[in-house]
1. Find how much the distance from ASP331 to MET121 grows on full extension, using 0.36 nm per residue of separation minus their present alpha carbon separation; answer in nm with one decimal.
2. Pop out the Kirkwood hydrodynamic radius of segment 1-62 from its pairwise C-alpha distances, inverse of mean 1/r, in Å to one decimal.
3. If you build the convex hull over the alpha carbons only and average its shadow over all orientations, what do you get for segment 270-323? Give it in nm² to one decimal.
4. In segment 4-113, which trypsin sites (Lys or Arg not before Pro) fall in coil by DSSP and have 14 or fewer other Cβ atoms within 10 Å?
5. Would you work out what percent of the accessible area of segment 220-346, with all protein chains in place, is carbon or sulfur (probe 1.4 Å)?
6. Mean 1/r over all different Cα pairs, inverted: what Kirkwood radius does segment 256-346 give, in Å?
7. Short version: ³J(HN,Hα) in whole Hz for each residue of segment 70-75, in order, from phi by Karplus 6.51 cos²θ - 1.76 cosθ + 1.60 (θ = phi - 60°), x for Gly and Pro, what are they?
8. Give me the percent of the accessible area of segment 1-115 that comes from carbon and sulfur atoms, probe 1.4 Å, all protein chains in place.
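The values are calculated or read from the model by the stated rules, or taken from the named source; none is laboratory data. Note that the coordinates shown come from a computational prediction; the quantities given were computed from them, not determined experimentally. Because the Cβ atoms are built from the backbone with ideal geometry, glycine has one as well, and the counts that use them run over all protein chains shown. Remember, those area values only see protein heavy atoms, side chains included, never the ligands or the DNA or RNA. Shrake-Rupley method; radii C 1.70, N 1.55, O 1.52, S 1.80 Å.
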Amino acid sequence: MGSAPLDALDAYRTCEFATLTRSGTPMAWPTAVARRADGTLLLTTSLAFAQKALNVRRDGRVALLFSDPTGSGLDPAPQIFVSGRAECREEVMTGPQGTEEYWRMLFERQPHSRAYLSAPMRPLMHWYYLRLIITVVPEQVIVRPPRDALAAGAAAVPAGWAGSAPAPAPGPASGTRVGRSRGAARVGGSGSGAAGPRIGGLVGAGQLARCATAVLTARDASGAPVLARTRPLPTAAGYLVDVPSDCAATPGPASLLVHRHDELLDKMYNAVVRGELHRTEAGWLLAPSSVVEPMGSGRAVDAVRVLRRTKRATDRYLDRRGLRRPKVEWDLFRALSESAARREGT
């Protein structure tokens, strides 16, 4: 991490974290990261969204991109790409022991999450506190220009796109503050069971229209994941994407992640458009095939569905390992939450 601007990295509220699925497809989702004194990076994921952990256990090659500075106070904010190796223990964490600073950071930066610890919310939110720890050992660091420079310098949107694209939808309602990872139905593409929003016939166009830029997740020649923020431009065959020269992307399975949050890590939205990356005469092109939208479009009914899925996913993770549901150490989390609130008030 010696070449990284550590103050900037620490200020980022989220980063894009990429792992490899069982089929070798690279997938990225936004997550919170804490840098430890030894230079490793700490992430956690709940049992309800354990796919990142399962991917790491199969293949430890991962990538992180710090590229959305919302809430960081940085202006401008350099993008920071990190690749490395990760590991994830089997132990299910029921309390914050050993990760106190990580949880204190979350409670400070995301004040609404403190409400999850209230007695009425505990039956609904126990899954949120049953966590798996992922540790990343960085191997390569690349510093890139700020995201805003990318958006400002992007090519003009092709004729017909802006006129047919819907206005960005509002952020999810407050009742949808539950998780930021996989675990949702797909829309669009063959075999999805539902037709996703389309503009100009392209799968995922409605989701991509919500944000000015997206994060391309692809593989390098060795099969390891790589990440780059880009501005997808729709064509008849898919989305043209700019790939920086320091991003060693190769043709193959890839995806585009869009996500956003406000200054307090609230009003979150994220979606992934999956497809195949090709090199064409016009440049790199992602031909989309399906969309994964974990939180839905932000309707209240989506929040209810997510809560139901999180319970089922948590139970499934435990059942497959012959484990009883552990008891969350609420008092320890509560103490950290109160500590964060006191810091905020000083």
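1. Working: separation 210, 0.36 × 210 = 75.60 nm, distance 1.41 nm.
Here the answer is 74.2 nm.
2. Values: mean 1/r = 0.0782 Å⁻¹.
It works out to 12.8 Å.
3. Values: hull surface 23.1 nm².
For segment 270-323, the mean projected area of the Cα convex hull comes to 5.8 nm².
4. On the way: sites: ARG13, ARG22, ARG35, ARG36, LYS52, ARG57, ARG58, ARG61, ARG85, ARG89, ARG104, ARG109; in loops: ARG13, ARG22, ARG36, ARG89.
Passing both the DSSP loop test and the Cβ count: ARG22, ARG36, ARG89.
5. On the way: 3200 of 6270 Å².
Looking at segment 220-346 in its full context, I get 51 percent from C and S.
6. On the way: mean 1/r = 0.0570 Å⁻¹.
The answer is 17.6 Å.
7. So the J values, rounded to whole Hz, are 3, x, 7, x, 8, 7.
8. On the way: 1800 of 3860 Å².
The nonpolar share, carbon plus sulfur, comes to 46 percent.
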